[in-house]
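Student: My questions all concern the structure below.
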Amino acid sequence: MTQIAAAATEIGLPVEALDTPALYVDLDALEHNIATMAGVCRDLGVAWRPHVKASKAPELAKRLIAGGAVGITCAKVSEAEVMADGGITDILIANEIVGETKIGRLIALAARVRICVAVDDETNLRAISGAATTAGVTVDVLVDINIGANRCGVTPEAAPALARLALDLAGVSLRGLMGYEGHVMGISDLEEKEAKSAAAADVFAEARRRVEAAGITVEVMSGGGTGNYWMATRLGSLNELQAGGGVLMDQTYGDAMKVPGHRQALFLVAQIVSTTVPGRAVGDAGWKASGQHTGRPIVVSPPGVHVRGLNAEHTIFELDPGTVVHAGDRVTMVPHYTDSTILLHRQLFAARAGVVEAVWPIAGAGMLQ
């Protein structure tokens, strides 16, 4: 019996009874966060196309669409393939897809679902056009604009020429522009975040003005992340929001990015396996179960237990004076960052009021190509 099939038998169990390590999402908190993000977009007339690079589960993506999303955003062709297999039909790959192998897979996807991809290079755009024309399909494209992250994207000055080429080439359809202000997301000072978000929005708006001055219609202005989405949506430059990780929330979004109005939705349950060292306990969820590149998970229950460190297979807990735990006790933690935690697991338990309602395969785990 596969792990997923075995897990399906656990529907109806309390999360404390799950074998560990167990990753679960609280459905009430998830639905609150979805409604919060979708509501901000709806009130400001911005389409919501949440990124699923954190969640990686098609069933969760379906929840996002049911909650108001127009489609989803992925980082890799392989993620998009998994989402298409799971029934998602409108996908943006917010990344440059380069090389014959990846472009071939992109074209195969375009025969199945509506696919859009970022471009910032003439040679790459021509390669996509040629492959799409040969296959008899159309790939939507967004011209990627560098709005300050200095990662990918052309300058506003170079945008009109690339947009014009996308209009002129067969096999591709220009939908608009994309700009991601990744350099803004981790800023904790809200005044500084606001100022740099506004500066990025100005660059994005300048790109649109230049493209439209060349007589080219811009339908979509796509961008924004969870770290500044409540700012980006009201700055006026974008009309499609890519932020998605905030539906799960985590310490990074709350403590470092200062995301307001969201509830913690993702939790990791470990089991105590040893208490032999005074003042300490050891759990079975190490860094193979919880990413720690931004920091360690925090314990939400029981009280008096704190994460001191992570080994490959073990959590090292420090106990407050008087706190007693036993082998077999469960410890519930909040991951520090969802992006580096979910990809380590193969199923996500969906629970309400502490009881498992569904088991969602994390089909996008390991999809790096």
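The values are calculated or read from the model by the stated rules, or taken from the named source; none is laboratory data. Every value quoted in this text rests on a predicted model; they were computed, and no experiment measured them. Heads up, the Cβs are rebuilt from the backbone with ideal geometry, glycines too, and the neighbour counts pull from every protein chain shown.
Student: For segment 284-342, give me each residue that is of a type in the set (Lys, Arg), farther than 14 Å from TYR24 by Cα and surrounded by 19 or more Cβ atoms within 10 Å (Cβ to Cβ).
Tutor: ARG296
Student: Checking ARG346 against (1) without any contact (Cβ under 8 Å) to a residue 12 or more places away in the chain; (2) within 25 Å of the chain's Cα centre (by Cα): exactly one of these is not met. Which one?
Tutor: The single condition ARG346 does not satisfy is (1).
Student: Can you spot a residue in segment 294-301 that is touching an Asp or Glu at 6+ places or on another chain (Cβ under 6 Å) and within 25 Å of HIS51 (Cβ to Cβ)?
Tutor: Within segment 294-301, not a single residue is touching an Asp or Glu at 6+ places or on another chain (Cβ under 6 Å) and within 25 Å of HIS51 (Cβ to Cβ).
Student: Can you tell me which residues in segment 91-123 are part of a strand (DSSP E or B) and without any contact (Cβ under 8 Å) to a residue 40 or more places away in the chain?
Tutor: ILE91, ILE93, ILE115, VAL117, listed by residue number.
Student: Going by what's in this entry, would SER55 be described as hydroxyl-bearing (Ser, Thr, Tyr) and closer than 12 Å to GLY244 by Cα?
Tutor: Judged against the criteria, SER55 is a match.
Student: Run ALA270 past the list (1) in a loop (DSSP other than H, G, I, E, B); (2) in the same structural domain as HIS345 (by TED's automatic domain parsing) and report the number of the one that doesn't hold.
Tutor: (1)
Student: If only one of GLY153, GLY130 is within 15 Å of ILE93 (Cα to Cα) and modelled with pLDDT of 95 or more, which one is it?
Tutor: GLY153
Student: For the structure I just gave you, tell me whether LYS62 is touching a Leu at 6+ places or on another chain (Cβ under 8 Å) and at pLDDT 95 or above.
Tutor: no
Student: For segment 245-280, how many residues are out of contact with any Lys or Arg (no Cβ under 9 Å at 6 or more places or on another chain), of a type in the set (A, V, I, L, M, F, W, C) and more than 22 Å from LYS56 (Cα to Cα)?
Tutor: 3
Student: Looking at (1) surrounded by 20 or more Cβ atoms within 10 Å (Cβ to Cβ); (2) part of a strand (DSSP E or B), find the lone condition where PRO156 falls short.
Tutor: Unmet condition: (2).
Student: Restricting attention to segment 22-29, does a residue exist that is at pLDDT 95 or above, surrounded by fewer than 16 Cβ atoms within 10 Å (Cβ to Cβ) and under 24 Å from SER340 (Cα atoms)?
Tutor: yes
Student: Among the residues of segment 226-238 satisfying the criterion of being in contact with a Gly (Cβ under 7 Å, 6 or more places away or on another chain) and either in a loop (DSSP other than H, G, I, E, B) or in the same structural domain as GLY291 (by TED's automatic domain parsing) (or both), which is farthest from ASP189 (Cα to Cα)?
Tutor: Only one residue fits best here, namely LEU238.
Student: So, one more: Out of contact with any Phe, Trp or Tyr (no Cβ under 7 Å at 6 or more places or on another chain), crowded, with 18+ Cβ neighbours inside 10 Å and either not in a strand (DSSP E or B) or not assigned by TED's automatic domain parsing to the domain that holds ASP43 (or both), is that true of VAL277?
Tutor: No.
Student: If I filter segment 68-84 down to residues being of a type in the set (A, V, I, L, M, F, W, C) and not in a helix (DSSP H, G or I), which single residue comes out as nearest to LEU368 (Cα to Cα)?
Tutor: Here the residue is ALA75.
Student: Being without any contact (Cβ under 8 Å) to a residue 40 or more places away in the chain and at negative phi is the filter; apply it to segment 222-236 and report the residue that is nearest to the chain's Cα centre (by Cα).
Tutor: The selected residue is MET231.
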